[in-house]
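Worksheet: one structure, shown below.
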Amino acid sequence: MITIWVLTLVFAALTLGLSAAASTAREWWAATLLSGFFALLGPLAIVAMAWKTFGVIKFGDVSLVLEDPLPVAGGHLRAQLRLPPNAAEARVLRARLICRRKKALTDGYEDAAWQDVREFPITRDVATTIIIDLPAGLPDVYWHLMVTAQLPGKDFSRTYVIPVLPG
């Protein structure tokens, strides 16, 4: 997030320089609009970074522990998530497992090839067991689990990369 902020400042400074060096009114307006865009993008990046940091401070590091054996396509994902005590008042943890196919000839991923959303109760000891059945026959895929819990103020939200072995 810091990188986005720094790049925004650099581009804003460059476009301000362009507007100062513009020889026609049209060039001046184009450079001014472009510098205004980057000037607005910087504070938005700072606010987004502060909001994400607030979530980390409020909930701390929350690790997901995959239970043995590791998930296999056609089997199921079984994992333990120990939430911080301040997340217990949510009572329900929403888990979304998303599978994306890898795009050919690029490093990107397509839209979700498969997904499943489940809700799990948050118990008094704040440990939640997540169990989701996995489909078979999805080659070259990337799996990630998004968990959320609605709370007053900042909601709990984390995303985990899940290694799923071929079935």
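Here, each number is a calculation from the coordinates, and none is a lab measurement. Small disclaimer: the values here were computed from a predicted structure and weren't measured. Counting neighbours? That spans all protein chains shown, and the Cβs are built from the backbone with ideal geometry, glycine included.
Let me check against my output: what whole-number percent is the relative contact order of the stretch 64-162, with C-alpha pairs under 8 Å and at least 6 apart?
Details: 204 pairs, mean separation 32.9, N = 99.
Relative contact order of the stretch 64-162: 33 percent.
Report the full-extension gain for the segment Leu44 to Glu89: residue separation times 0.36 nm, less the Cα-Cα distance, to one decimal in nm. Before the final figure, lay out the partial values.
Values: separation 45, 0.36 × 45 = 16.20 nm, distance 3.04 nm.
Here the segment from Leu44 to Glu89 would lengthen by 13.2 nm.
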By per-residue mean of other Cβ atoms within 10 Å, what is the highest-first order of 76-87, 38-49? 76-87, 38-49
Pair Val65, Thr123: separation of 7 Å Cα→Cβ label points (nm): 1.2
Test of understanding: what is the full-extension gain from Leu165 to Ile131, defined as 0.36 nm times their sequence separation minus their Cα-Cα distance? 10.6 nm
Separation between the Leu33 and Asp155 pseudo-spin-labels, each 7 Å from Cα along Cα→Cβ, expressed in nm? 3.5
Please give the peptides 116-123, 128-135 ranked by average Cβ packing (other Cβ atoms within 10 Å per residue), highest first, as a rough proxy for protection. 128-135, 116-123
